[in-house]
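The values are calculated or read from the model by the stated rules, or taken from the named source; none is laboratory data. Quantities reported herein were computed from a predicted structural model and do not represent experimental measurements. Here the Cβ is made from the backbone with ideal geometry for all residues, glycine too, and neighbour counts use every protein chain on show. Protein only, heavy atoms only, side chains kept; ligands, DNA and RNA dropped before computing areas. Shrake-Rupley method; radii C 1.70, N 1.55, O 1.52, S 1.80 Å.
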Amino acid sequence: MDSNRFRAAYEKLQSLDERMTYKVRMKPGTSRMTAEQLEDRCRDLANYTIEIKEVVNELFKAIAGRDEPS
């Protein structure tokens with residue numbers, strides 16, 4: 001396992017969580033949204049999904065890789 005790559009992927013995941021999770025989580029009491037709000041939420045969710053896919057891809061590469069000798 002490539003521990004440096006794994007650590008970098010973990011840091012990306014933490015950054016994504018801090019930047020985006022609050023945008024895609026439903027807020028209590030949210031029942032009706034305008035079309036514009038729905039579009040914004042869909043865009044945020046699409047960006048979140050793409051970034052998650054990239055992080056998972058990096059994690060797989062880190063797990064399959066080997067540490068580079070120092």
Next item on the list: Report the semi-axes of the equivalent ellipsoid for the chain in whole Å, largest first, where each axis is √(5λ) for an eigenvalue λ of the Cα gyration tensor.
Entry: 34, 11, 7
Next item on the list: Any chance you could look up the accessible area of Thr30 with a 1.4 Å probe, heavy atoms only, rounded to 10 Å²?
Entry: 50
Check: Can you give the angle from 0 to 90° between the axis of helix 35-64 and the longest principal axis of the chain, with both taken from C-alpha atoms, to the nearest 10?
Finding: 10
Next item on the list: Quick one: which residues, 5+ away or cross-chain, put their amide H under 5 Å from the amide H of Gly65? H built at 1.01 Å from N.
Entry: Asp2
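In the chain, carbon and sulfur make up what percent of the accessible area (probe 1.4 Å)?
Carbon and sulfur together cover 55 percent of it.
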Item checked: Sparsely packed trypsin sites (Lys or Arg not before Pro) within the range 1-42, loop by DSSP, other Cβ within 10 Å at most 16 -> Arg25, Arg32
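222 nm [θ] for the chain, helices only, -39500 (n - 2.57) per DSSP H run of 4+, per residue, to 500? Don't skip to the end; give the middle numbers.
Values: 2 runs with 52 residues, N = 70.
Calculated mean residue ellipticity at 222 nm is -26500 deg cm²/dmol.
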Next item on the list: Please name whichever of Asn4, Thr30, Ile52 sits farthest to the positive end of the charge dipole of the chain, dipole taken about the Cα centre and charges placed at Cβ: Lys and Arg +1, Asp and Glu -1.
Entry: Thr30
